[in-house]
Amino acid sequence: MNSSQILSSIPPEFLLVGLSWVEDKNVPVSLLFLFMYLVVIVSNYTIIVLIKTDKKLQEPMHILISLLALIDLGVSSSVIPKVLAILWFDASTISSAGCLIQFYVLYSMLGLQSSLLALMSFDRYMAICHPLRHSTIMSQSFLTMCVTFIILWSSVLMIPLPVVTTRLTFCRINIITNSHCEFVEVVKLACGDLTAVILYMAILVCIFAGGDNSFIMFCYVQILRAVHKLKSPQARWKSQNTCSSHAILLLLFYMSSLFPFYLFLFYPNSPLHLKTLAEVLSFLLLPMLNPLVYGAKTKEIRYGLRRLYWRTILT
């Protein structure tokens, strides 16, 4: 595409150059990403199968953990296969339809992940602050209703992004300085008035980053207040341990989300390899660590893994 040419619609394809810095290091880099991706698949799939097949793990929090594992698989699988294709087969181009689908699926998964973490915080809030009402409030029907709502909520709210993209006027060369189709990078290639796009992105940030995080903060403030009121050190330790795995998961989630944002905000001209690595690893590290955190910190899941192991051996 000529950089001075103005198009009336989205270009037929985009060129992803986020991994151009790899050059002759594509084999070790691709093997590292492949290893991490396989760990993501195996660990998260194991968690899903474990919770689905073990009747002792049908509690609300465990069901939410299995849904989080499924979302982690979706987040990684929406980006990493294309990354590996670029490294192995030099498949740096992506069709406009593939680009729209990729960032729609990725954003929907990230929005769903944010809302699910908020729902998990509410479950911990009920377990600590209202233990006698926990089983009544967090019923199977309530859980199904909440999960269905956040799936529809995330999916519907992301629909305008690919729709608006197809109606933009593009006047810059169709090169995306990333290893995957990032909506912001695509919009940078467009010309004309982008006020509506920026406004909608701000609304999405307020809904997910603002709304979900505010709700999570509210839940944990209430949890800390309830724990502080406990007089017994043993009761405090037990309450803190109940939330420890979820709190660690939240910390990892914020760290993986904020680091690429930090680079974008304070170091917009940071080296391409640093920017790309930060974003690719954010789609691998968190999905890889989440099952390990819950496996190490949740006693019921540890025992469940042992039962799964022995069932597998005996059969």
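Values for this structure:
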| quantity | calculated |
| --- | --- |
| Histogram of C-alpha separations across the range 72-192, 5 Å bin width, % | 2, 10, 16, 17, 14, 11, 9, 7, 6, 4, 2, 1, 0 |
| Inter-label distance, nm, simple model (7 Å from Cα along the C-beta direction), V156/F35 | 4.5 nm |
| Spin-label pair L199/Y254, simplified geometry with 7 Å Cα→Cβ offset, distance in nm | 3.2 nm |
| Apportionment of accessible area to carbon and sulfur, the range 186-315, percent (1.4 Å) | 71 percent |
| Chain lengthening between R302 and Q240 when straightened (0.36 nm per residue, less Cα-Cα) | 20.5 nm |
| Where no second cysteine Cβ lies under 4.7 Å, the cysteines concerned in the chain | C129, C146, C206, C219, C243 |
| Å² of accessible area per residue within the chain, as computed with a 1.4 Å probe and no ligands counted | 53 Å² |
| P(r) histogram, all alpha-carbon pairs of the chain included - 10 Å bins from 0, percent | 5, 23, 31, 22, 12, 5, 1, 0 |
| Distribution of pairwise C-alpha distances over the range 138-237, 10 Å bins, in % | 12, 27, 25, 18, 12, 6, 1 |
| Total lysine pairs whose alpha carbons fall under 19 Å of each other in the chain (8 or more apart, or interchain) | 11 |
| Reciprocal mean inverse distance between Cα atoms of the range 224-315 - Kirkwood radius, Å | 16.2 Å |
| On Cα atoms only, tilt of 26-53 relative to the major axis of the chain in degrees | 40 degrees |
| Cα coordinate range in the range 273-315, projected on the principal axes (Å, largest first) | 48, 22, 8 |
| Directionally averaged projected area (convex hull, Cα atoms, the range 1-82), nm² | 8.9 nm² |
| T169 long-range amide H proximity, modeled H, under 5 Å | C191 |
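The values are calculated or read from the model by the stated rules, or taken from the named source; none is laboratory data. Note that the structure is predicted; figures quoted are calculated from it, not measured. Using ideal geometry, Cβ is built from the backbone for each residue, glycine included, and neighbour counts are taken over all protein chains shown. Accessible surface is based on the protein model in full, side chains and every heavy atom, while ligands, DNA and RNA are left aside. Shrake-Rupley method; radii C 1.70, N 1.55, O 1.52, S 1.80 Å.
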